[in-house]
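The values are calculated or read from the model by the stated rules, or taken from the named source; none is laboratory data. None of the values given here were measured: they were computed from a predicted structure. All Cβ positions, even for glycine, are placed from backbone atoms using ideal geometry, and neighbour counts span all protein chains on display. Only protein heavy atoms, including side chains, enter the accessible area calculation; ligands, DNA and RNA are left aside. Shrake-Rupley method; radii C 1.70, N 1.55, O 1.52, S 1.80 Å.
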Amino acid sequence: MQRLYDFIRRHPTSVDSFWAVMLFGFSMLWAVQATMGTEPRIAAIPIVTLLCLVVALRRRAPQKMLLLAIMMGVAQLAFDVEVNPADWAMLVIIYTVAASDGPRWVSRVALVGGLAAAPLAQLRWPADKDGTVLPAIFFSIVMALPFALAWVLGDSMRTRRAYFAELEERAARLEKEREAQSKVAVAAERARIARELHDVVAHNVSVMVVQADGAAYVLDASPAQAKQALETISTTGRQALAEMRRLLGVLRTGEQAVSGEYVPQPDVEQIEDLVEQVRTAGLTVDFKVEGTPRPLPSGVELTAYRIVQEALTNTRKHGGPDAGASVRLVYFDDGLGLLVEDDGRGAAHELYEDGGADGQGHGLIGMRERVGMVGGTLDAGPRPGGGFRISALLPLKPAH
């Protein structure tokens, strides 16, 4: 049954031609019976043939076949060819035109022609030979109903097909929107991971470089200090690898880190460990916490940690050999305040803005992006008298 249905859908003209041949056969039987004992009407043969052609080609050229059916109806009236089985073609073409996607005026012409066919047939071949009006009106209405029903059925099919086409278009549009949203989400995640990698690499590599330079300088004079510096390099390198594994693990769905679990994201409590690590690297840092510490949203804690990490990294890079820094964490009722200052000579301000004059500076840009993601504010710039200051306020709830 399914194969038959598929064949019908793939070969609509062949199916219509089959029914046209069947209709032509019944029409020829009518023509033979109708002309027995009377004068044959030669005009009936071409009219019947062309009406059957309307059925065969109705889906290939519906508008032309409608015009042909109208012409054949006029020819029937003119040559006195009475109503016959071939007139079913008029019902079929009215349904086809109403169901097709052609201009609406064509469908209306088909409806008007179908409704006018019954009264014209009653005037030409009255059912009541006495000429009574009421039977003629009754038969006209009864004969007009099939044409109206054929048009209504075709128009409803057209409306339904248009509705399903609109649903398919909407589904395709929603699919494209979902793909676009997925691409935006992927781009945002890549940007976040790029910021994380920048913070991890910039901080830990700068510590390792400073310790390596120090170890090389005191290797002969103080082997113990050189050994301590090398141990710091080893610890910092392992920490950097652990954080990089965590970041790369985000990119692998369902894949865990080497240890079997992902490393937790840094939080505010680890800032003290970060400061101690920087002190071990040779930078003097004063660290204070004001207010009552309490749990904060993970996004706020990660942002605070990365801001302090980037600020201290910049101090080591650009603050000079004898620079010192201070870190202040202030717990407010509605947020967390950060203040990181150094007393060094500071870097040129253009290295922090718009990617830097050489396009290399991304630290402050990353800070602003992080702070913006949690709805906070960031103020960064040179201090009066030398050095650099970074001040941030991170609210507990993002701004709308």
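Tabulated data
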quantity: Scope segment 365-377; condition closer than 18 Å to T315 by Cα and open to solvent by 30 Å² or more (accessible area, probe 1.4 Å); matching residues; calculated: I365, R368
quantity: Sole residue being closer than 23 Å to L149 by Cβ and in a helix (DSSP H, G or I), chosen from M28, M22; calculated: M22
quantity: Options D286, D334, D358, D343; residue that is more than 21 Å from N204 (Cβ to Cβ), more than 36 Å from the chain's Cα centre (by Cα) and at pLDDT 90 or above; calculated: D286
quantity: Flag for L248 being open to solvent by 30 Å² or more (accessible area, probe 1.4 Å), at pLDDT below 70 and in a helix (DSSP H, G or I); calculated: yes
quantity: Lone unmet requirement of (1) assigned to a helix (DSSP H, G or I); (2) loosely packed, with under 15 Cβ neighbours inside 10 Å; (3) in contact (Cβ under 8 Å) with a residue 12 or more places away in the chain for K64; calculated: (3)
quantity: Only one of P119, P103 that is surrounded by fewer than 18 Cβ atoms within 10 Å (Cβ to Cβ), closer than 27 Å to R160 by Cβ and modelled with pLDDT under 90; calculated: P103
quantity: W125 being over 24 Å from V97 (Cβ atoms) and open to solvent by less than 60 Å² (accessible area, probe 1.4 Å); calculated: yes
quantity: Number of the condition not met by T13 [criteria: (1) modelled with pLDDT under 90; (2) open to solvent by less than 30 Å² (accessible area, probe 1.4 Å); (3) of a type outside the set (D, E)]; calculated: (2)
quantity: Members of segment 177-191 found to be farther than 30 Å from A240 by Cα and open to solvent by 70 Å² or more (accessible area, probe 1.4 Å), listed by number; calculated: E177, R178, E179, Q181
quantity: Close pairs from segment 218-243: first part of a loop (DSSP other than H, G, I, E, B), partner of a type outside the set (D, E) and open to solvent by 90 Å² or more (accessible area, probe 1.4 Å), Cβ under 9 Å, at least 6 apart; calculated: L219/Q225
quantity: Those residues of segment 286-322 which are crowded, with 20+ Cβ neighbours inside 10 Å and of a type in the set (G, A, S), in sequence order; calculated: A304, A311, G319
quantity: Candidate set: segment 77-100, residues that are over 22 Å from W30 (Cα atoms) and open to solvent by 20 Å² or more (accessible area, probe 1.4 Å); chosen: the one modelled with the lowest pLDDT; calculated: S100
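Yes or no, residue by residue, for (1) open to solvent by 90 Å² or more (accessible area, probe 1.4 Å); (2) at pLDDT below 75; (3) in contact with a strand residue (DSSP E or B) (Cβ under 6 Å, 6 or more places away or on another chain); (4) not aromatic (F, W, Y):
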site	(1), (2), (3), (4)
A150	no, no, no, yes
R160	yes, no, no, yes
L167	no, no, no, yes
E175	no, no, no, yes
I193	no, yes, no, yes
